[in-house]
Amino acid sequence: GHFLGWTPGKAPAQSRQDLAWTLRPGSDLVVLLHMLPTGKAESIQASLGLYFTDGPPARVPATIRLGRKDIDIPAGVDDYVLEDRYVLPVDVELLRIYPHMHYLGKSVQVYATTPDSNRQWLIRIDDWDFNWQDDYSYAEPPQLPAGTEISMRYVFDNSSHNVFNPNMPPKRVIYGLGSSDEMGDLILQVLPKEPADLPRLLKDVNERWLAQEIQGHQMLLRADPKDFENHHTLAMYHLQAGRADSAFAHFEWTLQLQPDYPEAHVNYAVALAAGGQLQAATRHLRQAIVDRPGFANAHFNLGLTLRAAGQRREALEHFGAAARLR
C-alpha cells in the first residue's frame with residue numbers, strides 16, 4: 001500500500017503518521033537498481049533513508065495500478081494513445097497518485113467519473129518530462145464512492161519531433177523494462193473508507209494485477225521468444241491464475257531453453273505434485289539437486305513428494321538434508 005520506488009526528479013516520500021509502513025522482524029529488504037550503462041565499469045553505492053514512528057499504523061492503505069502492457073508504438077507516430085479504466089468496488093479516499101511513462105511520453109490525463117456521472121480531474125500533465133517525475137499527494141483528498149470509474153489516457157510521441165526520443169531515426173517501440181522501451185502505468189494510493197473493506201479491495205486489485213502481468217510478459221515474449229526467465233515468470237503467474245495447462249507449457253519452454261535452472265525444476269515439480277504427478281515431480285526435484293547440491297528447497301520438496309509416494313525412508317533423508325542446509 002506504499003510507494004517504495006524512486007525515479008528521476010522524485011522528491012523524498014512523506015507519509016501520514018497514521019499510515020506508517022510496518023517492517024516485520026526477519027524481513028528481507030531488497031533494493032533493485034535500474035541503471036543505464038556508460039560503456040565502462042562504474043561503482044555504485046545506494047543509500048536508503050528510513051524514518052521511524054513511535055507507534056504502529058492506525059490504518060493500512062492499498063495501491064491500485066492502472067495501465068496496459070500491450071504497448072506497440074510504430075515509428076513516426078506522434079499521437080499513440082494508451083487508455084485504461086478501473087471501477088472501484090468500495091468507497092475510498094484517494095491519497096496519492098503516481099503516473100509513469102518513459103521518454104516517448106507526451107501527456108497524462110486521469111479523471112474519475114462517479115456513479116451519478118460527475119467527472120473530477122485527478123491529475124493532468126500536458127508536457128510530460130521523463131527526467132522530472134514524481135508522485136503527488138492531495139491537499140484535499142478526493143472522496144470516491146464505490147462504482148466510481150477511474151480513467152487514464154496517456155499519449156506517446158514516437159516521432160523525430162520528440163527531442164527526448166532515444167531513437168533517431170525513430171523505430172518501433174514496445175512495452176519493456178528498459179528506458180528505451182515504454183511503459184504506461186498509473187498507481188493510486190487509496191484508503192478504504194471502511195477498514196473492513198480492505199480485503200475485498202485487495203482481492204479485486206490482485207486479480208487485475210495478475211492479468212496485467214500476464215499480458216506484459218506475453219508482450220515481452222513476443223519480442224524475445226527465447227527469454228527463459230519470462231517463460232518461468234509466466235508459468236508462475238498462470239499457476240496463480242489457476243491455469244495449470246498454460247503454466248506447464250511455459251515450464252517446459254523454460255527448461256528446454258535453460259535445462260540447468262534449479263528454481264524452475266522445483267516450481268514445476270511442486271505444481272506437478274499438486275496435480276498428483278509424483279513421478280514427474282520427483283524427476284525434476286532430483287535434477288534440481290544435481291544442478292545445485294545445496295538447494296534446501298529442492299531437498300525439502302523432494303522429501304514431501306517421496307513421502308506422498310510412500311517412500312518414507314528416502315523422504316527422511318531429504319528432510320534431514322534440508323534441515324542441515326537451513
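Of the residues G49, G39, only one is assigned to a loop (DSSP other than H, G, I, E, B) and either open to solvent by 80 Å² or more (accessible area, probe 1.4 Å) or modelled with pLDDT of 95 or more (or both); which? It would help to see each step written out before you state the result.
Values: G49 fails: either open to solvent by 80 Å² or more (accessible area, probe 1.4 Å) or modelled with pLDDT of 95 or more (or both).
Answer to the selection: G39.
How many residues are in a loop (DSSP other than H, G, I, E, B), in contact with a Pro (Cβ under 9 Å, 6 or more places away or on another chain) and open to solvent by 100 Å² or more (accessible area, probe 1.4 Å) if we restrict to the stretch 17-36? Before you say what the answer is, go through the steps one by one.
Taking the stretch 17-36 as the starting set, the residues that turn out to be in a loop (DSSP other than H, G, I, E, B) are 20-36.
Filter again for in contact with a Pro (Cβ under 9 Å, 6 or more places away or on another chain), leaving 20-22.
Filter once more, so that each one left must be open to solvent by 100 Å² or more (accessible area, probe 1.4 Å): 21.
Looking only at that region, the number is 1.
For the stretch 201-238, name all the residues that are over 12 Å from G176 (Cα atoms) and not in a helix (DSSP H, G or I).
Correct list: P225, K226, D227.
Just one of D91, D78, D127 is touching a Lys or Arg at 6+ places or on another chain (Cβ under 9 Å) and free of Cβ contacts under 8 Å to residues at least 40 places away in the same chain; which is it?
On the way: D91 fails: free of Cβ contacts under 8 Å to residues at least 40 places away in the same chain; D78 fails: free of Cβ contacts under 8 Å to residues at least 40 places away in the same chain.
It is D127.
For the subset of the stretch 53-102 comprising residues that are among the acidic types (D, E) and outside any strand (DSSP E or B), which member is farthest from P142 (Cα to Cα)?
Looking only at the stretch 53-102, we keep the residues that are among the acidic types (D, E), and these are 54, 70, 72, 78-79, 83-84, 91, 93.
Pick out the ones that are also outside any strand (DSSP E or B) and you get 54, 70, 78-79, 91.
Values: D54: 28, D70: 30, D78: 33, D79: 30, D91: 11 Å.
Looking at the filtered set, the residue picked out is D78.
For the structure I just gave you, tell me whether G275 is free of Cβ contacts under 8 Å to residues at least 24 places away in the same chain and surrounded by fewer than 17 Cβ atoms within 10 Å (Cβ to Cβ). Working first, answer last.
On the way: free of Cβ contacts under 8 Å to residues at least 24 places away in the same chain: no; surrounded by fewer than 17 Cβ atoms within 10 Å (Cβ to Cβ): yes.
No; evaluated as a whole, the condition is false for this residue.
Tell me whether the stretch 226-239 contains one or more residues that are of a type in the set (D, E), open to solvent by less than 40 Å² (accessible area, probe 1.4 Å) and under 20 Å from the mean Cα position of the chain (by Cα).
Here is the first cut: in the stretch 226-239, the residues of a type in the set (D, E) are 227, 229.
Retained after the next criterion (residues that are open to solvent by less than 40 Å² (accessible area, probe 1.4 Å)): none.
No: the stretch 226-239 contains no residue that is of a type in the set (D, E), open to solvent by less than 40 Å² (accessible area, probe 1.4 Å) and under 20 Å from the mean Cα position of the chain (by Cα).
Does the stretch 103-134 hold any residues that are part of a loop (DSSP other than H, G, I, E, B), buried (at least 19 other Cβ atoms within 10 Å of the Cβ) and either at positive phi or modelled with pLDDT of 95 or more (or both), and which are they? Spell out how you get there, then give the answer.
Of the residues in the stretch 103-134, the ones part of a loop (DSSP other than H, G, I, E, B) are 103-104, 114-118, 126-134.
This time we only want the ones that are buried (at least 19 other Cβ atoms within 10 Å of the Cβ), so: 103-104, 128, 133.
Matches in the stretch 103-134: Y103, L104, W128.
Please state which one of H284, H299 is buried (at least 19 other Cβ atoms within 10 Å of the Cβ), farther than 20 Å from F248 by Cα and out of contact with any strand residue (DSSP E or B) (no Cβ under 6 Å at 6 or more places or on another chain).
None of the other options fit; the residue is H299.
So which residues in the stretch 94-121 are more than 18 Å from I73 (Cα to Cα) and free of Cβ contacts under 8 Å to residues at least 60 places away in the same chain, if there are any at all? Step through it out loud before you land on a result.
From the stretch 94-121, those more than 18 Å from I73 (Cα to Cα) are 94-99, 109-121; that's our starting set.
Across the stretch 94-121, the qualifying residues are Q109, Y111, A112, T113, T114, P115, D116, S117, N118, R119, Q120, W121.
When the residues of the stretch 146-172 are narrowed to those that are more than 21 Å from T7 (Cα to Cα) and β-branched (V, I, T), which ends up nearest to the chain's Cα centre (by Cα)?
Taking the candidates together, the pick is I150.
Would you check which residues across the stretch 277-315 are under 19 Å from A244 (Cα atoms) and either in contact with a Phe, Trp or Tyr (Cβ under 6 Å, 6 or more places away or on another chain) or at pLDDT below 95 (or both) and list them?
Passing the criteria: only H284.
Please work out which residue is modelled with the highest pLDDT, limiting yourself to the stretch 199-224 and to residues that are crowded, with 18+ Cβ neighbours inside 10 Å and over 25 Å from T254 (Cα atoms).
By that ranking, first place goes to L201.
Give me a count of the residues in the stretch 158-186 that are open to solvent by less than 30 Å² (accessible area, probe 1.4 Å) and assigned to a loop (DSSP other than H, G, I, E, B).
Counting residues in the stretch 158-186 that are open to solvent by less than 30 Å² (accessible area, probe 1.4 Å) and assigned to a loop (DSSP other than H, G, I, E, B) gives 9.
The values are calculated or read from the model by the stated rules, or taken from the named source; none is laboratory data. Not measured: the values here are computed from a predicted model. Positions of Cβ are backbone-derived with ideal geometry, glycine not excepted, and every protein chain shown enters the neighbour counts. Accessible surface areas use protein heavy atoms only, side chains included; no ligands, DNA or RNA. Shrake-Rupley method; radii C 1.70, N 1.55, O 1.52, S 1.80 Å.
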